[in-house]
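Only one structure is covered here, and it is reproduced in the block below.
The values are calculated or read from the model by the stated rules, or taken from the named source; none is laboratory data. All figures in this text were calculated on a predicted structure; none of them were measured in a lab. Here Cβ is always computed from backbone atoms with ideal geometry, including for glycine, and neighbour counts include all displayed protein chains.
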Amino acid sequence: MLDKERLLRTQRSKELKGERYRKVQYRVNQKNGDNLSMLGFGCMRLPSREAEATSLIRHAVDNGVNYFDTAYMYRGSEQLLGKALTDGYRKRVKLATKIPPCFVKKYEDLDKIFNKQLKRLNTDYIDYYMIHVLTDVKVWERLKELGILKWYKEKQDKGQILNLGFSYHGGREMFLKLIDAYDWDFTMIQYNFYDERNQAGKSGLEYATQKGIPVIAMVPLRGGTLVNGLPKSVYRMWENAYVKRSPTEWALRWVWNHPQVNLLLSGMSTLEMLNDNLRIADLAEPEAFTEHDLALFNKARDLIAESTRVACTSCGYCLPCPEGVDILSCFTSLNEIQVDGKMRSWIKYLTNTSLTAKPKSASACTRCRICEANCPQGIVISEQLSEVKREFEGPFYRSVSWLVRKYMKL
């Protein structure tokens with residue numbers, strides 16, 4: 001124990017001096033031997049401009065990142081990634097994408113979607129292919145009845161799909177059943193310090209690892225909510241910690257502290273975010289946190305839980321709303337009341353949802369519940385939007401909204 005404490009003190013000393021004492025770190029996929037950069041690039045939030053996205057992706061590859069994740073449902077993401085990975089970059093990375101089971105109604109749909117993805121990604125094979133947001137065993141059984149295993153075997157024999165897995169947002173019990181339902185090559189779960197006991201959670205991570213299934217962690221910053229919009233008490237706690245680290249660094253290191261996590265996906269949309277993540281990945285070590293460190297996370301989790309009113313991660317799967325409701329802005333404003341105060345949150349809500357060509361406020365919700373079927377977090381969105389309406393859309397809101405819209409000729 002003394003040696004470990006001495007090692008940690010040396011590590012912290014190097015961090016304070018700003019030293020880069022390691023190159024990009026990799027973890028071995030225990031099932032196929034792939035060396036995967038423990039920092040993976042999640043491409044759902046890529047910049048929309050091709051030149052900017054290409055520069056960002058290639059900078060990541062040039063600095064050792066070799067795992068890139070996208071999906072059929074991520075608007076424009078596959079195309080941007082495919083263009084960025086030309087000029088020899090494709091051979092340097094492992095490419096992951098996903099097929100939405102809701103779009104697979106018959107056997108022919110598998111090829112239809114897959115071939116479109118190959119064209120978008122400008123490649124003839126996918127290293128890591130996933131069933132996107134596999135919800136339960138019944139969905140998997142339906143896909144098997146349609147012939148997905150026969151189809152996968154054909155693609156595998158042709159070298160077009162190298163590994164088959166699934167991404168998951170749901171409870172622990174169903175995750176364990178899905179893990180047992182097939183000999184998966186890998187899986188991807190939402191995992192961060194706030195969700196240690198939510199969704200698949202730590203027990204799901206350990207169960208998959210025990211069965212020899214590599215695990216990829218997504219949403220490590222919970223859509224940015226573990227960095228932006230934290231309660232002031234959590235910011236103060238990190239500022240007063242024994243070593244100076246940003247909320248981003250604390251959160252990412254928590255995930256990498258688990259040796260069972262093969263890699264972490266970070267949705268980096270700027271060069272500044274990428275470079276900061278690369279710096280943190282250089283320093284992070286498995287099983288490096290002390291009991292004191294872990295106690296800080298327990299305290300942060302409790303403080304966040306006290307102030308969070310809706311467990312939204314801003315993934316955007318609920319959009320677009322048929323009525324145009326800006327669901328993400330609605331929930332962000334509600335959650336930030338504890339951080340910014342009622343008036344600031346109200347002004348932000350007014351600006352984001354009313355001062356537009358077409359109002360996007362919570363009151364436009366017709367409770368069609370289409371969004372709820374797509375929410376990975378299982379949020380009853382229609383009910384939460386009713387709470388947003390009660391919180392922000394009183395007589396004063398309606399009067400100000402009407403006046404401003406009239407003045408701005410909206």
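Put simply, of Pro47, Pro101 the only residue that is within 20 Å of the chain's Cα centre (by Cα) and modelled with pLDDT under 95 is Pro101.
Let's see how each residue does on (1) more than 22 Å from the chain's Cα centre (by Cα); (2) under 20 Å from Val219 (Cα atoms); (3) surrounded by 16 or more Cβ atoms within 10 Å (Cβ to Cβ); (4) assigned by TED's automatic domain parsing to the domain that holds Arg45:
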{"residue": "Leu278", "(1), (2), (3), (4)": "no, yes, yes, yes"}
{"residue": "Pro286", "(1), (2), (3), (4)": "no, yes, no, yes"}
{"residue": "Phe289", "(1), (2), (3), (4)": "yes, no, yes, yes"}
{"residue": "Trp346", "(1), (2), (3), (4)": "yes, no, yes, no"}
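Applying the criterion of at least 1 residues that are touching a Lys or Arg at 6+ places or on another chain (Cβ under 6 Å) to the helices (runs of 4 or more DSSP H) found wholly in the stretch 319-410 leaves 327-335, 342-353, 381-392.
Gly341 satisfies every condition listed in (1) touching a residue at least 40 places away in the same chain (Cβ under 8 Å); (2) of a type outside the set (D, E, K, R); (3) at positive phi except (1).
Counting only residues that are in a helix (DSSP H, G or I) and polar (S, T, N, Q), the stretch 54-72 holds 2 of them.
Which residue out of Leu149, Leu162, Leu110 is surrounded by 15 or more Cβ atoms within 10 Å (Cβ to Cβ), at pLDDT 95 or above and in a helix (DSSP H, G or I)? Give the derivation first.
Working: Leu149 fails: surrounded by 15 or more Cβ atoms within 10 Å (Cβ to Cβ); Leu162 fails: in a helix (DSSP H, G or I).
Step by step, each of Leu149, Leu162, Leu110 is checked, and only Leu110 is surrounded by 15 or more Cβ atoms within 10 Å (Cβ to Cβ), at pLDDT 95 or above and in a helix (DSSP H, G or I).
Of the residues screened, Thr187 is one that is in a strand (DSSP E or B) and of a type in the set (Ser, Thr, Tyr).
Give the number of residues within the stretch 73-107 that are in a loop (DSSP other than H, G, I, E, B) and under 16 Å from Arg45 (Cβ atoms). Number of matching residues: 4.
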